[in-house]
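Here's the structure, in structure tokens; my notes come after.
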Amino acid sequence: DEIGKWLSKLESTGTQHRMFDLGKIRNLGAADSFPLLLPDPDRRFTSDSSVPPHDMTRYEYGRILGVPGINPMDENLNGLHLWHLITDNALLFELLNLRIEKWGQFKTLLNHGGRKLFTGSEKQLDTLYATAAAVKNACRCWRIGRSEKVNRMVIQNSGCVSKNFIDPVTRLAENLEGNGAAIIAGLKNKEIRRWPTSKTEELQDYFQENGYISTETVLSPEEIRVHVLAALAEERNSNLITSDHLDQIINLLPR
């Protein structure tokens with residue numbers, strides 16, 4: 001309704017304008033940040049959710065859809081594409097036709113009385129929830145030992161860096177790809193002129209307390225798999241999620 005009003009006004013006044021599909025832009029942005037790690041990387045597809053998945057493998061359909069990879073930093077998984085949770089291409093296609101493509105959207109659909117719009121069986125619905133739990137646990141394990149990136153906002157919010165040093169510390173963070181431990185090492189090595197060394201330890205404490213420096217050991221894919229199996233013992237016993245699908249989830253986590 002709002003789009004129609006804006007277009008009508010713009011066209012009636014002869015105002016030059018361009019339209020941007022924000023949903024598509026967000027999806028492409030996510031795909032760039034967390035690319036989907038699939039076999040046969042030389043094949044190129046155009047992202048199009050309107051294409052029926054006839055005679056396609058699950059991976060080919062994932063490419064057609066332009067599915068982003070898993071973002072392990074998304075703790076509630078609301079932005080997770082349903083391709084990661086649904087292995088039935090036809091069932092996924094039905095949801096995409098309803099413009100339901102993210103886990104957060106699907107949960108909202110069900111929470112507001114939209115169960116009848118999901119044509120899958122109760123077993124498929126249980127499997128969907130079990131798979132989401134597997135992804136959530138896998139992401140939680142993946143985050144162990146991995147720190148969040150430090151950016152300008154983090155530096156400002158720390159309260160440890162004065163206005164005079166916001167820009168140089170930000171440049172240092174960008175050069176070190178937001179690695180909190182490397183930033184502290186750089187400050188200790190006096191990579192920023194006239195930096196007050198008394199603030200280094202204070203900033204280090206802030207990074208450690210807020211998840212920008214981790215002292216834990218990163219888990220291997222096999223260790224993540226064992227943790228997820230333990231957390232989902234009941235679901236595995238009920239055959240709600242297969243070993244193959246669990247392996248696919250873990251293999252699609254960022255390296």
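The values are calculated or read from the model by the stated rules, or taken from the named source; none is laboratory data. Source: prediction; values computed, not measured. No Cβ is skipped: glycine too gets one built from the backbone with ideal geometry, and neighbour counts run over all protein chains shown. With ligands, DNA and RNA removed, areas are computed over all heavy atoms of the protein, side chains included. Shrake-Rupley method; radii C 1.70, N 1.55, O 1.52, S 1.80 Å.
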When the range 70-82 is checked residue by residue, the ones that are crowded, with 19+ Cβ neighbours inside 10 Å and assigned to a loop (DSSP other than H, G, I, E, B) are ILE70, PRO72, LEU77, LEU80
Members of the range 104-159 that are more than 16 Å from the chain's Cα centre (by Cα), basic (Lys, Arg) and open to solvent by 90 Å² or more (accessible area, probe 1.4 Å): LYS116, LYS123, ARG152
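For LEU95, state whether it is of a type in the set (A, V, I, L, M), more than 29 Å from ASN175 (Cα to Cα), out of contact with any strand residue (DSSP E or B) (no Cβ under 8 Å at 6 or more places or on another chain) and crowded, with 19+ Cβ neighbours inside 10 Å. Please lay out each step first, then the result.
Details: of a type in the set (A, V, I, L, M): yes; more than 29 Å from ASN175 (Cα to Cα): yes; out of contact with any strand residue (DSSP E or B) (no Cβ under 8 Å at 6 or more places or on another chain): yes; crowded, with 19+ Cβ neighbours inside 10 Å: yes.
Criteria met by LEU95.
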Quick check on ILE249: is it modelled with pLDDT of 90 or more, open to solvent by less than 50 Å² (accessible area, probe 1.4 Å) and within 15 Å of HIS84 (Cβ to Cβ)? yes
Among the residues of the range 175-209, which ones are under 14 Å from SER147 (Cβ atoms), touching a residue at least 24 places away in the same chain (Cβ under 8 Å) and surrounded by fewer than 16 Cβ atoms within 10 Å (Cβ to Cβ)? GLU177
